[in-house]
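Chemist: Could you have a look at this structure, given as structure tokens, before my questions?
The values are calculated or read from the model by the stated rules, or taken from the named source; none is laboratory data. Just so you know, these numbers come straight off a predicted model, no measurement behind them. Cβ coordinates were reconstructed from backbone atoms using ideal geometry, including for glycine residues, and neighbour counts include every protein chain displayed.
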Amino acid sequence: MEALLKEAFLEALRATDPYRLTAKALPPWRPDLVLAVGKAASAMLQAALDRYGEVAYHLTLPKGQKAQGLRARFASHPVPDEESVRAAEEVLALLQGLSPKARVLALLSGGGSALWCAPLGISLEEKRALTEALLRSGASIHEVNAVRKHLSRIKGGRALLATAARVRVLLLSDVPGDDPSVIASGPFHPDPTPSAEALAVLDRYGLDFPGVRKVLEAGIPETLKPQDPALRRLSWRLIGANLHLLKAAQGFLRREGHRAVVLSDRLGGEAQALARFHAELVETIRTRNLPFARPLFLLSGGEAQVRVRGRGQGGRNLEFLLALYAHLKAPLYALAADSDGLDGTSGVAGALLTPEVWERGLDPRPYLEENDSLAFFQEVGTLLVTGPTGTNLNDFRLLFVG
């Protein structure tokens, strides 16, 4: 069963390969400039270069990934660094130099928010501190990006405003709901959120950044809005998302002769609360065969959050599994992983629960209190290590109710 869980995850990654998804969606015309940013950017760009031949391009990747022989700028993720600023400045300069007759192909995937960073009204140091605080607060990706977009010269549609060219965007989504204005913080898409919403996020999580508040309250030029005429130059297509990942795993399991149900591709919220929901569903199926009859696999995706209170290491998928272990009354098999291969600060993709974990009898509470899920799964020996996968389609959760 453990091998089947792993193979379902790997098969889902193979079925949603960014190169294949991009190759099928490329426009028939030859672009004057190709921009690629995010964790899937190298594969997406390679698909474009294989189709069009030599073409001007700019590639930005997270540090630690391989460029596969392409020229690239490597920047920090999830907190931006000086290379993130250089990458954004280079992209803006390229866009500003294009004529109205030029055509741009933008290939965007998860991670782009940190990799293109052009601070507006604040310093890079302030932007870094703010990003770290938001990530530790437990704020959703929609809330995090609502703040980041209003403090950037490239996010929130400002990349589109920086050019006179026509822009075609292909998107791989790493956000629940697949909103194009949230993916990579929507550099070419309109932003429906006002500055007041960014301030509300800071208030909601008790984040005290006087310099940031001053900028947001000063009424700086707003992000691109849905009624802006510049949008006539924009077209876009979503080519891959979390639902595709889950459906691929479901198809694999069915071919292997198993029943599999996709619960949702947008289950988020706090990881421990999300685990409690899954545990209660499992117990209901076990005791009443409702809403599904046993045996079956349950699949879910989306993006959980972790409110960091302790000093341990982990990620939202590891924390989910640890809390699931804490809530369940009897053992089961489960896998939870980040599709990019790196779950939070853990350095691993995720982990598995197996009956052997229950046999060890470790108390999960001290680990949950310290947000130290990595140490727990190191101890029980069920970490899932893939390395960077070269894509990012959000969280993958698979439970077997036997």
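Chemist: Can you name every residue in segment 99-117 that is more than 22 Å from residue 64 (Cα to Cα) and in contact with a Lys or Arg (Cβ under 9 Å, 6 or more places away or on another chain)?
Modeler: Hits for segment 99-117 are 100, 101, 102, 103, 104, 105, 106.
Chemist: Something else now. Within segment 218-237, which residues are surrounded by fewer than 17 Cβ atoms within 10 Å (Cβ to Cβ) and in contact with a Ser or Thr (Cβ under 8 Å, 6 or more places away or on another chain)?
Modeler: 219, 220, 222
Table: residues versus (1) without any contact (Cβ under 8 Å) to a residue 24 or more places away in the chain; (2) farther than 26 Å from residue 1 by Cα.
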| position | (1), (2) |
| --- | --- |
| 253 | no, no |
| 259 | no, no |
| 265 | no, no |
| 270 | no, yes |
| 279 | no, no |
| 287 | yes, no |
| 290 | yes, no |
| 302 | no, no |
| 306 | no, yes |
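Chemist: Scan segment 377-402 residue by residue and report those that are touching a His at 6+ places or on another chain (Cβ under 8 Å) and more than 15 Å from residue 320 (Cα to Cα).
Modeler: If the condition is that a residue be touching a His at 6+ places or on another chain (Cβ under 8 Å) and more than 15 Å from residue 320 (Cα to Cα), then 393 is the only one that fits.
Chemist: Among the listed residues 146, 139, 198, 159, identify the single one that is assigned by TED's automatic domain parsing to the domain that holds residue 223, assigned to a helix (DSSP H, G or I), touching a Phe, Trp or Tyr at 6+ places or on another chain (Cβ under 8 Å) and surrounded by 21 or more Cβ atoms within 10 Å (Cβ to Cβ).
Modeler: 159
Chemist: Looking at segment 31-47, can you tell me whether even one residue there is surrounded by fewer than 23 Cβ atoms within 10 Å (Cβ to Cβ) and on the phi > 0 side of the Ramachandran plot?
Modeler: For segment 31-47, residues surrounded by fewer than 23 Cβ atoms within 10 Å (Cβ to Cβ) and on the phi > 0 side of the Ramachandran plot: absent.
Chemist: Go through segment 88-116 and report how many residues are assigned to a loop (DSSP other than H, G, I, E, B) and over 24 Å from residue 164 (Cβ atoms).
Modeler: 3
Chemist: Cβ contacts < 8 Å: first residue more than 15 Å from residue 185 (Cβ to Cβ), restricted to segment 126-146; second residue β-branched (Val, Ile, Thr) and crowded, with 19+ Cβ neighbours inside 10 Å, any location; separation 6+ or different chain. Result?
Modeler: Short answer, once both residue conditions are applied: 126/212; 138/306.
Chemist: Answer with yes or no whether residue 128 is more than 27 Å from residue 23 (Cβ to Cβ) and either over 15 Å from the mean Cα position of the chain (by Cα) or assigned by TED's automatic domain parsing to the domain that holds residue 345 (or both).
Modeler: Considered against the rule, which asks whether it is more than 27 Å from residue 23 (Cβ to Cβ) and either over 15 Å from the mean Cα position of the chain (by Cα) or assigned by TED's automatic domain parsing to the domain that holds residue 345 (or both), residue 128 comes out as yes.
Chemist: Output yes when any residue across segment 29-46 is under 30 Å from residue 354 (Cβ atoms), touching a Gly at 6+ places or on another chain (Cβ under 7 Å) and of a type outside the set (Val, Ile, Thr), and no when none is.
Modeler: Yes.
Chemist: Of the residues that sit in segment 172-195 and are farther than 17 Å from residue 238 by Cβ and assigned to a loop (DSSP other than H, G, I, E, B), which one is farthest from the chain's Cα centre (by Cα)?
Modeler: If we take residues in segment 172-195 being farther than 17 Å from residue 238 by Cβ and assigned to a loop (DSSP other than H, G, I, E, B), then 194 is farthest from the chain's Cα centre (by Cα).
Chemist: Return only the number of the condition from (1) within 23 Å of the chain's Cα centre (by Cα); (2) surrounded by 19 or more Cβ atoms within 10 Å (Cβ to Cβ); (3) over 30 Å from residue 330 (Cβ atoms) that residue 249 does not satisfy.
Modeler: It fails just one condition, (3).
Chemist: Oh, and also: Are there any pairs, at least 6 apart or on different chains, whose C-beta atoms fall under 6 Å, with the first in segment 158-186 and of a type in the set (Asp, Glu) and the second outside any strand (DSSP E or B), and if so, which?
Modeler: Short answer, once both residue conditions are applied: 174/110; 174/392; 174/394; 178/241.
Chemist: Here is a list of conditions, (1) within 30 Å of residue 314 (Cα to Cα); (2) part of a loop (DSSP other than H, G, I, E, B); (3) out of contact with any strand residue (DSSP E or B) (no Cβ under 6 Å at 6 or more places or on another chain); (4) at pLDDT 90 or above, and residue 227 meets all of them except one; can you say which number that is?
Modeler: (1)
Chemist: As an exercise: evaluate residue 58 against (1) of a type outside the set (Lys, Arg); (2) surrounded by fewer than 20 Cβ atoms within 10 Å (Cβ to Cβ); (3) within 28 Å of residue 230 (Cα to Cα) and give the number of the one condition it does not meet.
Modeler: The number of the failed condition is (2).
Chemist: So, residue 318, is that one without any contact (Cβ under 8 Å) to a residue 12 or more places away in the chain and of a type in the set (A, V, I, L, M, F, W, C) or not?
Modeler: No; evaluated as a whole, the condition is false for this residue.
Chemist: So, in segment 251-303, exactly how many residues are of a type in the set (Val, Ile, Thr), assigned to a strand (DSSP E or B) and within 12 Å of residue 400 (Cβ to Cβ)?
Modeler: Looking only at that region, the number is 1.
Chemist: Here is a further query. Do you know which residues across segment 258-303 are more than 22 Å from residue 245 (Cα to Cα), under 21 Å from the mean Cα position of the chain (by Cα) and surrounded by fewer than 17 Cβ atoms within 10 Å (Cβ to Cβ)?
Modeler: The answer is 273, and nothing else.
Chemist: List the strands (runs of 3 or more DSSP E) that sit entirely inside segment 1-87 and contain at least 2 residues that are in contact with a helix residue (DSSP H, G or I) (Cβ under 9 Å, 6 or more places away or on another chain) and touching a residue at least 24 places away in the same chain (Cβ under 8 Å).
Modeler: 33-37, 57-62
Chemist: Scan segment 319-345 for residues that are in a loop (DSSP other than H, G, I, E, B) and closer than 24 Å to residue 241 by Cβ and report the count.
Modeler: The qualifying residues number 6.
Chemist: From the list 339, 346, which one is touching a residue at least 60 places away in the same chain (Cβ under 8 Å) and of a type outside the set (A, V, I, L, M)?
Modeler: Unique residue meeting the criteria: 339.
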